[in-house]
Amino acid sequence: MNRKLITFSRVIRTGAVNFVRNAWLAIAAMAVMVVTLTIVLFSIITNATFSNTISQITNKIDISVYLHDSVTPKQRDQLLAQLKGLPNVKEVKYLSKDQALQNYKAQNANNPQLLQAVSETDNPLPATVQVKPRDLNKIQDIKTFLSRPAVGKLQSDQPSYSGDRKEAIDKITHATNILREAGVAAVAVFALISMLIIFNTIQMAIFNRRDELTIMRLLGASTWYIRGPFVVETIIYGILSALVSVLIIHSLFVAASSALQASSLGLLDINYASTYFRAHFWVLLTMQLVVGILIGAVSSVIATRRYLKFKTIK
């Protein structure tokens, strides 16, 4: 057990020494890995931010159904029950004429002329049913139900729908889908480039140390003992690249929130993105470390299996 532990520590120490020795070769590999990991992290934070924005806007959207004053409580309750039974209905709220008037006054508290006009007449506002949809893309189902003749007879006016908010959500959803697809493509491309660069870096390191490796092999060093330091070296690439990528994202948020005094960047809510980054910092850092280590280790294993077949060190 102690022997294995000593061997393992020597492999790690040799890998660290090799990293310092090949620092200039490692810079190019780490630079591309930093770009890859930064894209990964930025895509995750952006997707979470867009999802939050969509959720906030969706919660503010509802369909208002205006009822005739002649609608009986039985008809009202039956309509409410039917609406609640629709698959795409998240919430149904009923406002009586008096509640609708109170809300109207509260919304127009800064307009004394409107308040005076309303107070001089009987309550002109109808009872209202507010319907919140689950999925805006399926809102036509609710509209189809409300357009039925039996339901239409209960309505004093056409249902109101805030179309501008749906348009905003459609834009954000479209931007999110494009960003997700572009992020996946960019990560795939840069991850491949990172692996190729690490592959070539290990190849050059093996070539530069061929005499040393020959001696180690002749002295009876195991295959794992010879290949291990190269894997450790690339794992260090991944760890350092992950730390740098997290630092870059953190610096961007600091610059945007303090130096630029910006709360949003186009559709991106910087305040929420920054809060999300801080709240999930350790999870995101762990994910970056895992991805960075995997990229480095996999590419190193492939390179050592190909170029360390000991053809020159028999």
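Here, each number is a calculation from the coordinates, and none is a lab measurement. Note that the structure is predicted; figures quoted are calculated from it, not measured. All Cβ positions, even for glycine, are placed from backbone atoms using ideal geometry, and neighbour counts span all protein chains on display.
Taking every Cα-Cα distance in segment 62-161 and sorting them into 10 Å bins starting at zero, the pair-distance distribution P(r) comes out as 15, 45, 28, 12, 0 percent. Approximating the spin labels as points 7 Å out from Cα along Cα→Cβ, the residue 178-to-residue 148 distance works out to 4.0 nm. Once the chain from residue 2 to residue 31 is taken as fully extended at 0.36 nm per residue, the excess over their C-alpha distance is 6.7 nm.
The residue 189 and residue 122 beta-carbon pair, evaluated with R₀ = 51 Å, returns a calculated FRET efficiency of approximately 0.15. Net length available on complete extension from residue 196 to residue 301 is 36.6 nm, with 0.36 nm assigned per residue and the Cα-Cα distance removed. Give the shape of segment 18-120 as rounded, prolate or oblate, defined through the alpha-carbon gyration tensor: a ≥ b ≥ c are the square roots of its eigenvalues, a/c under 1.5 means rounded, and otherwise the shape is prolate if a/b is larger than b/c and oblate if not. It comes out oblate by the Cα gyration axes.
Peptides 225-236, 39-50 ordered by packing proxy, namely the average of other Cβ atoms within 10 Å per residue, highest first: 225-236, 39-50. Using R0 = 51 Å, the C-beta based FRET efficiency linking residue 255 and residue 156 works out to 0.40. For segment 62-161, lysine pairs with C-alpha atoms less than 15 angstrom apart, excluding pairs fewer than eight positions apart on the same chain, total 11.
Ranked by the mean number of other Cβ atoms within 10 Å per residue, highest first, peptides 278-291, 239-252 order as 239-252, 278-291.
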